[in-house]
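J.: One structure coming up, written as structure tokens, with questions to follow.
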Amino acid sequence: MYIQRNNQGEIVRASRLALPGCDEPIARDAPELLAFFGLDAFGQPLDEFRQSDLDFVRVLDDLIYLLMDKGIISFTDLPDAAQKKLLDRQSLRQHRNSLGLMSDNDESFI
């Protein structure tokens, strides 16, 4: 990997190839590079990215159901793996709702 730094020495660009201005070699597992990509020392997303990903998954989930409700797509248009994931999420939500662990908006836990 190759990086480019700003005047403060912070990584501002990374590339697999050496490019003009982005030609400082760095190890793929360098903590500084992992932090630049929003990853921890184990290559996992940092907490803020994890939460953002979880929030975004809910947006996509809602969007898919909205598109299906409006007849723009049908459930069977989705790949089998996507269908399974949606059914799994729906089942989990129904189970939690039946136990009274979640509110209708799927965000408030008791």
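Just so you know, all these numbers are worked out from the coordinates, no wet-lab data involved. A quick note: this is a predicted structure, and the numbers were derived from the prediction, not measured. Every residue, glycine as well, gets a Cβ built from its backbone with ideal geometry; the counts of neighbours run over all protein chains shown.
J.: Between Glu24 and Val57, what length comes free when the chain is fully extended (0.36 nm per residue of separation minus the Cα-Cα distance, one decimal in nm)?
T.: 8.3 nm
J.: Tell me, what are the semi-axes, in whole angstrom and largest first, of the equivalent ellipsoid of region 47-98 as set by the roots of 5 times the Cα gyration tensor eigenvalues?
T.: 20, 15, 11
J.: If we count every other residue with Cβ under 13 angstrom of Gly9's Cβ, Lys/Arg +1 and Asp/Glu -1, where does the sum land?
T.: -2
J.: Could you give the length gained by full extension between Ser98 and Leu39, i.e. 0.36 nm per residue of separation minus their alpha carbon distance, to one decimal place?
T.: Value of the extension gain: 17.6 nm.
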